[in-house]
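To start, the structure under review is shown below, and the notes come after it.
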Amino acid sequence: MSSTDSTEIAKTDDSSVASDLDKSLSDSISKKFSNVEIAYVKPDRIRVNVKKEDIIDVASFIRDELNFDHAESVSGVDYPEDKQIEVVYHLGSYTDTSLDKKILALATRTPREDNPRPGNDSTKLPSLRDVFPSVSFHERECFEMLGVYFDGHPDNRRLLLPEDWADMPPLRKDFRIKGR
Amino acid sequence: MSNQVYPKDKEILPGLQIEKVDDRIMTLNVGPQHPGSGHMRIIIKVDGDYIVHTDPDPGYVHRGEEKMAEYRNYITNIPHLERPVIHDSCNILYPYCLGVEELLGLEVPERAKYLRVIAAELNRCVYIEYWLAIYGIFLGHSTMFMWPVGDRELLIDLLDKMTGARVTHAYFVPGGVRNDVPPNFEDVCLRQVNYFEKRLKEYADVFYDNPILISRTKDTGVLSREDAIKLGTTGSVLRASGVDFDIRKKEPYDVYEEMDFQTNVLKAGDSYARSKIPWLDMFESCRIIRDALKKMPKSGSVRVKLKPKPKGGDTEVYRRVESGRGSLGMHIVSRGLPQPYRLKISVPSFRNLIAMPHLLTGEKLGNMPAVYWSLNYWPVEADR
C-alpha cells in the first residue's frame, strides 16, 4: 500500500517497547510479502496494511503460518477526503498460547463513490469468509453499514438495518444525524 | 502444529450455507414479538420435527450506538454506550474507558482499579442471574426464574450503594470511577456476597442436578472444540467447548493479574455445559470480589481530573475485556478530535450469533429454546 493511503493511520512508533515476538511476527509477514506495509508494532498490537488484491494470500499466510485462527471484529472506517473506505480485521488466536494477548489488525482499502449503490459500484473487497468463517456476519454488517460489497461472500443480505432502508449506508460520514 | 483446527481442504460448516428448499419444508418464524426470542427473529425451516435451515434475523433493537458515538465527545458517550446491555453496563464501558485512557495517556488511581473490578464482577453476576432466570423459564422451570431474579436484588442493592443507580450505572469514566463508595460499603458487600454464594450452591439441587434439565440439555446442540474456534465464538460458549480462554487471565487489565481466581472449562460443548459455565463463573466472581475488598487501598483518590473535552491523538486503539458473555472489544479510531472518528463495538453476543445456525440445524424443534438461550445471547447487545 502506498504511503498516501495510510496518512490517517497511527504514526506512533512504539517499537522500542514491543516484544521480540511482536517484531518477529511482523518481520515474517514483511519478509514473505514485499508490498505489505507494517503500519505499527505496539505491545501486543500489530497492524498490517495490504492491497485488496493481496488480502486473501496474506490472510491465509497469517492463519496457516502464524496461527491466528479467528476474527474478533471487522470494522469499516470511512475516509471521504481520500475517497476510500478502510476495512480492518482484528485477528486473534485461541490455539497458540504465545499469541494470547496479541491482536493482529489486517487492514485494506477500497475506493468509495459519492453516490453509493451498494453492491453495484466499485466499492468491493474480496471476502475473507473462506479463510476465517468467523467474519461471516461481521462482513454482512460492514456491507449494510458502509456499502462495501464482499466478493465471494454467499450471503450479502441486510442484517441489522430494516428491509425497507432506502438511504445511503449509515456509517458513511456524509450520512448526517438530524439536528447534530 | 498439533492442535491445528484448519485442515488444508476447504469445507463449509453445516448451517452456514444457503440451501435450496423443497415443498415438504415449512417455514416458521420465531419472533420478533415472541417472548422466547427476545427482540429478534429466527427464521426456521422444519422438515417434520427437524430443523433443516436456520436464519437468525437480528436488528429489531438496532440503535446506531456506533454512529451516535461519532457525534459526542469522549465523556458524554458514557451514558449511551452502556445501553446495549444495561444489566452488564460496567463491563461494556470497561473497554471503552481502557481505550480512552490509552488514547489520552491517563493513569488510573490504585483504589479506582479495585473499585472497577468489584463493580465489574458484581455486574457480571447481575447479568448472569438475569440470563439464568430467562433460561429457567425457557425450559419451563419457574423456580429457576424466581430464585435468580430474587437473589439478583442483593447485588443490585450493592451496586445501588456504590453508584447511585440500580441498573444503568454509568460508573466507569476514563481515568477512574465516578465516585467513591459509602463508608461502610466493605462490610455490607462482604456480607451480601457471602450470602449470595451460599444461595448459588442451592441452584445445583433445584436446577443443575435436576434430571429433567439434564435430559433436555445433555448432548443437544454440541459444538466441537474445532468449530468453536473456527466460528470465533467467545466467553461461556467457547469455554464450554474445551478452550481455556478468558481475557481476565490471558490479557489481564487493571488489577485482575493480582486476583485469585480460576477459569472454568468444560469439554462437552453441549447445552448443559454452556448453561453451567456462567453459574460456575459466579463463584469465581465472588472470590474476586472478596479478594479485591481485602487488597483494596483503604483510602485515596478514585478519579483523575480531566480537561473539558479532551482530545485523543492521531492513532487507534483496540481494547477488550471479559464481559458476562465473553470478550467485548472496542476499536477506537482517533484523529485528534474531542470525539471518536470511528468507534466499533465488537460484542460477544454478535460473535456468538454465528454459532446459532450451526447448532440449530439438524436439531429437533423442541430443543430450540434449550440450545438458543444457552448461547448466552443478548439480542439488544448484538444489535447495538
> Just for the Cα atoms in the stretch A:35-95, what are the lengths along the principal axes, largest first, rounded to whole Å?
Replying inline: 40, 23, 19
>> Counting only other chains, and only Cβ atoms inside 10 Å, what mean value do you get across the residues of A:71-83?
In response: 4
> Spin-label point model (7 Å from Cα, Cβ direction): what's the B:N29 to B:K294 distance in nm?
Replying inline: 5.6 nm
> Any idea what the dipole of the stretch A:14-151 comes to, in debye rounded to 20, about its Cα centre with Lys/Arg Cβ at +1 and Asp/Glu Cβ at -1?
Replying inline: 100 debye
>> Averaged over its residues, how many other protein chain Cβ atoms are within 10 Å of peptide B:336-346's Cβ atoms?
In response: 3
> Can you pull out the trypsin sites (Lys or Arg not before Pro) in the stretch B:289-325 that DSSP calls coil and that have at most 16 other Cβ atoms within 10 Å?
Replying inline: B:K298, B:K305, B:K311
> Antiparallel DSSP bridges in the protein assembly as shown: what percent, to the nearest 5?
Replying inline: 85 percent
> Expressed as an acute angle from 0 to 90° and rounded to the nearest 10, what is the orientation of the C-alpha long axis of helix B:110-138 relative to the principal long axis of chain B?
Replying inline: 20 degrees
> Which whole-number percent of Cα pairs in the protein assembly as shown have a distance greater than 33 Å?
Replying inline: 40 percent
>> Helix-only mean residue ellipticity at 222 nm, the protein assembly as shown, DSSP H runs n ≥ 4 weighted -39,500 (n - 2.57), per residue, nearest 500. What is it?
In response: -10500 deg cm²/dmol
> Quick one: what do you get for the stretch A:14-151 if you divide its Cα Rg by 2.2 N^0.38 Å?
Replying inline: 1.05
>> What's the longest uninterrupted piece of chain B once you rule out the GluC sites (Glu not before Pro) that are loop residues per DSSP with at most 16 other Cβ within 10 Å?
In response: B:108-384
>> 7 Å from Cα along Cα→Cβ at both B:D205 and B:F283: what's the point-to-point distance in nm?
In response: 1.6 nm
>> Sequence gap of 8 or more, or different chains, plus Cα separation below 22 Å: how many lysine pairs satisfy both in the stretch A:14-151?
In response: 22
>> Cut-off 10 angstrom, C-alpha nodes, Gaussian network model of chain B. Which of B:M356, B:M68, B:M368 fluctuates the most?
In response: B:M68
> Which semi-axes, in whole Å and largest first, does the equivalent ellipsoid of chain B have when worked out from the alpha carbon gyration tensor as the square roots of 5 times its eigenvalues?
Replying inline: 35, 25, 19
> Of all DSSP beta bridges in the stretch A:14-151, what percent run antiparallel (nearest 5)?
Replying inline: 70 percent
>> Angle check, please: helix B:185-203 long axis (alpha carbons) against the longest principal axis of chain B (alpha carbons), in degrees 0 to 90, nearest 10.
In response: 10 degrees
>> What FRET efficiency comes out for B:E110 versus B:E186 if R0 is 25 angstrom and r is the Cβ-Cβ distance? Round to the nearest 0.05.
In response: 0.95
> Given labels modelled 7 Å from the Cα in the Cβ direction, how far is it in nm from B:K218 to A:D64?
Replying inline: 4.3 nm
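Values in this text are rule-based calculations from the coordinates and carry no lab data. Bear in mind the structure is a predicted one, so any value in this text is a computation, not a measurement. Here Cβ is always computed from backbone atoms with ideal geometry, including for glycine, and neighbour counts include all displayed protein chains.
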